[in-house]
Amino acid sequence: MSLPADLAALRFDARFIRSLPADALDTPQPRQVQGAVYSFCAPTPVAAPRLLHWSADCAALLGLGTAPLDAQAAAEVFAGNRLLPGSQPYATCYGGHQFGNWAGQLGDGRATMLGTAIGADDIRLEVQLKGAGLTPYSRHADGRAVLRSSIREYLCSEAMHRLGVPTTRALCLVATGEPVLRDMFYDGHPQHEPGAIVTRVAPSFLRFGHFEIFAARGELALLRQLLDDTIRTHFPALGAPSPEVYVAWFGEVCRRTALMVAHWLRVGFVHGVMNTDNLSVLGLSIDYGPYGWLDNFDPGFTPNTTDRGGRYAYAQQARIAGWNLSCLANALMPLVQDQAALEACLEAYADHFEACYLAMLRDKLGLLQEGDAEADFKLVSELFACFAAVDTDMTIFYRALARIHPDTAPEAALAELAPAFYAPPGAGVLAQFAGWLMVWQARIAASPEPAAAHAARMNAANPWIIPRNWLAQDAIKAAEAGDLSVLERLMQAIRDPYTEQAGCADLAGRRPDWARNAPGCSALSCSS
């Protein structure tokens, strides 16, 4: 059967597999892979692929239409049942530090790369199926993914893009028609769940762990080959690879990582599992597993039930990113031989993160970018102390704050903020917020920026809607019952997250009581 014209026109560039060494074996059996960056392996066909959702935004990057010409053909291709011309599927080898400990070889255990597609305007984008079956890196797993985790990844990838956060993308969501056995909370009660596959898209899925594995094994020639290829392909402006350019490359990775994490804090995102194999060298948010969003402001919040110590909590993310960067620096040391230069990059990471985060906080509060940094951080610190005094929804609070003017009376200002509180604040807390508001209003009143302009800047930095876990859980439950309308409505709303949308107020409110401690809302695992 011939492919429809849109899919048949998708071209693949085999540069990656031409440039770097492949595994000598091409079977999917799990094993330790030595001396290779990747292994050829085909997706495992599924019983009854069905297209559940298609991202028109992401499709445009690949030169595809707002909807596939033949939905069933698209389902077969993006479930791995049919290969596109020029596609040579493979999975890559990487390692990583997981929860602070070296885990050895990890790799694409449930992700199969279809190849690098030549998209619109000749951009090169890697196209990857997550959940497409066994690979040499699957270890003791089956290489599959379930519908609940696939919906979460699909939704969050596209939502983060619309929120302005650097991210990998998602083209489509496909049901496999096959059950997958998972023990969601590792409590000895596995259940069969519907299987699904997400098609992920990015300029590159290279992670810190891709470089760590070869350094750990002492395969320095392979490490150099991968690093040189990465610089030539994704960082050509840095110049021809050399020890000095390796340092410059590491500095750029530090800067991109700092910007990404600052954006996470801006929108209230918690990655949940910031292992070194889950951080992109391009500074893209990658691997949406047990992530979460701040409902009530809690710096110690982590949605990952595995992270009992809070290593990857909301307020720890910038520090952990720095720790992960130090692991990458250690991997580069054999090639750079200049510890001081790498340490300087790590110090610059901390400075760049602070600058990015301060700039974003200033926009969130409508403060001038040229203000006194110490005074601005003091104002933010006092606000966070107010948040800690009563369960406060950060997202709702900042949107409400933009509606308060310098001349708004204290009672009216507090009434404007009331929807952001999960419980009625006591008199002492209200006085604390009122005191903070007086200082903030004075700062805004002294600004030369018109009130309307500062409010517009605040609303451009503070989303009206985020894809909260409870919203995703509603969409998952409906989809498991065969109803995709809930997912579709949420996907439509999140396409314009900074605009208040008529008819969608129920998607932008506080977390309902039922979701406070519900599985899939406040508590998630790495199981998928």
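The values are calculated or read from the model by the stated rules, or taken from the named source; none is laboratory data. As the structure is a computational prediction, the values presented were derived from the model and not from experiment. Don't worry about glycine lacking a Cβ; one is built from the backbone with ideal geometry, like all the others, and counts go over all protein chains shown.
Within segment 465-498, which residues are under 22 Å from the mean Cα position of the chain (by Cα) and not in a helix (DSSP H, G or I)?
Selection gives 465, 466, 467, 468, 495, 496, 497, 498.
Is it true that residue 419 is surrounded by fewer than 19 Cβ atoms within 10 Å (Cβ to Cβ), outside any helix (DSSP H, G or I) and not assigned by TED's automatic domain parsing to the domain that holds residue 277? Give the steps one after another, and end with the answer.
Numbers: surrounded by fewer than 19 Cβ atoms within 10 Å (Cβ to Cβ): yes; outside any helix (DSSP H, G or I): no; not assigned by TED's automatic domain parsing to the domain that holds residue 277: yes.
Taking the combined requirement at face value, the residue does not satisfy it.
Give me the residue from segment 63-79 that is without any contact (Cβ under 8 Å) to a residue 24 or more places away in the chain and within 26 Å of the chain's Cα centre (by Cα) and, out of that set, surrounded by the fewest Cβ atoms within 10 Å (Cβ to Cβ).
Of the residues in segment 63-79, the ones without any contact (Cβ under 8 Å) to a residue 24 or more places away in the chain are 66-67, 71-72.
Of the ones still in play, those that are also within 26 Å of the chain's Cα centre (by Cα) are 66-67.
Working: 66: 10, 67: 12.
Checking each candidate, the answer is 66.
Can you confirm whether segment 146-169 contains a residue that is farther than 14 Å from residue 203 by Cβ, part of a loop (DSSP other than H, G, I, E, B) and in contact with a Phe, Trp or Tyr (Cβ under 8 Å, 6 or more places away or on another chain)?
yes
Going by the structure shown, is residue 441 touching a residue at least 24 places away in the same chain (Cβ under 8 Å) and in the same structural domain as residue 391 (by TED's automatic domain parsing)?
Yes.
Among (1) more than 30 Å from residue 498 (Cα to Cα); (2) touching a residue at least 60 places away in the same chain (Cβ under 8 Å), where does residue 165 come up short?
Only one criterion is unmet by residue 165, namely (1).
From the list 367, 342, 332, pick out the single residue that is in contact with a helix residue (DSSP H, G or I) (Cβ under 7 Å, 6 or more places away or on another chain), assigned to a loop (DSSP other than H, G, I, E, B) and crowded, with 21+ Cβ neighbours inside 10 Å.
367
Report, by residue number, each residue of segment 18-55 that is loosely packed, with under 14 Cβ neighbours inside 10 Å and more than 26 Å from residue 212 (Cα to Cα).
Of everything in segment 18-55, those that are loosely packed, with under 14 Cβ neighbours inside 10 Å and more than 26 Å from residue 212 (Cα to Cα) turn out to be 47, 48.
Six or more apart or on different chains, Cβ atoms under 9 Å: show the pairs whose first residue is in segment 225-237 and under 18 Å from residue 202 (Cβ atoms) and whose second is buried (at least 17 other Cβ atoms within 10 Å of the Cβ) and polar (S, T, N, Q).
Filtered contacts from segment 225-237: 230/204; 233/204; 234/204.
Each row is one residue, and each column tells you yes or no for (1) of a type outside the set (S, T, N, Q); (2) out of contact with any helix residue (DSSP H, G or I) (no Cβ under 8 Å at 6 or more places or on another chain).
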residue: 493; (1), (2): yes, no
residue: 501; (1), (2): no, no
residue: 505; (1), (2): yes, yes
residue: 512; (1), (2): yes, no
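When you look at residue 209, is it in a helix (DSSP H, G or I), within 20 Å of residue 110 (Cβ to Cβ) and either touching a helix residue (DSSP H, G or I) at 6+ places or on another chain (Cβ under 6 Å) or not aromatic (Phe, Trp, Tyr) (or both), yes or no?
Values: in a helix (DSSP H, G or I): yes; within 20 Å of residue 110 (Cβ to Cβ): yes; either touching a helix residue (DSSP H, G or I) at 6+ places or on another chain (Cβ under 6 Å) or not aromatic (Phe, Trp, Tyr) (or both): yes.
Yes.
Tell me, which residue of segment 345-364 that is under 15 Å from residue 444 (Cβ atoms) and of a type outside the set (Asp, Glu) is surrounded by the fewest Cβ atoms within 10 Å (Cβ to Cβ)?
361
Can you tell me which residues in segment 98-112 are within 11 Å of residue 136 (Cβ to Cβ) and surrounded by fewer than 22 Cβ atoms within 10 Å (Cβ to Cβ)?
105, 109, listed by residue number.
Give just the number: which of (1) surrounded by fewer than 18 Cβ atoms within 10 Å (Cβ to Cβ); (2) at pLDDT 95 or above does residue 474 not satisfy?
Exception for residue 474: condition (1).
Spot the failing condition for residue 448; the list is (1) in a helix (DSSP H, G or I); (2) surrounded by fewer than 20 Cβ atoms within 10 Å (Cβ to Cβ), and only one is missed.
(1)
Which residue out of 427, 461 is in contact with a helix residue (DSSP H, G or I) (Cβ under 7 Å, 6 or more places away or on another chain) and on the phi < 0 side of the Ramachandran plot?
Every option except 461 fails the conditions.
Could we say that residue 460 is surrounded by fewer than 19 Cβ atoms within 10 Å (Cβ to Cβ), free of Cβ contacts under 8 Å to residues at least 40 places away in the same chain and outside any loop (DSSP other than H, G, I, E, B) here?
Working: surrounded by fewer than 19 Cβ atoms within 10 Å (Cβ to Cβ): yes; free of Cβ contacts under 8 Å to residues at least 40 places away in the same chain: no; outside any loop (DSSP other than H, G, I, E, B): yes.
No, not satisfied.
Looking only at residues that are in contact with a Pro (Cβ under 8 Å, 6 or more places away or on another chain) and not aliphatic (A, V, I, L, M) in segment 57-71, which one is farthest from residue 167 (Cα to Cα)?
Checking each candidate, the answer is 70.
Only one of (1) modelled with pLDDT of 95 or more; (2) crowded, with 19+ Cβ neighbours inside 10 Å fails for residue 60. Which number is that?
(2)
Select from segment 194-224 the residues that are touching a residue at least 24 places away in the same chain (Cβ under 8 Å), surrounded by fewer than 22 Cβ atoms within 10 Å (Cβ to Cβ) and either small (Gly, Ala, Ser) or in contact with a strand residue (DSSP E or B) (Cβ under 9 Å, 6 or more places away or on another chain) (or both) and list them in ascending order.
Listed by number, the residues that qualify are 194, 202, 203, 204, 215, 216, 217.
Only one residue in 27, 44 is assigned by TED's automatic domain parsing to the domain that holds residue 132, modelled with pLDDT under 95 and β-branched (Val, Ile, Thr), so which one is that? Steps first, answer last, please.
Working: 44 fails: modelled with pLDDT under 95.
Testing whether each residue is assigned by TED's automatic domain parsing to the domain that holds residue 132, modelled with pLDDT under 95 and β-branched (Val, Ile, Thr) leaves just 27.
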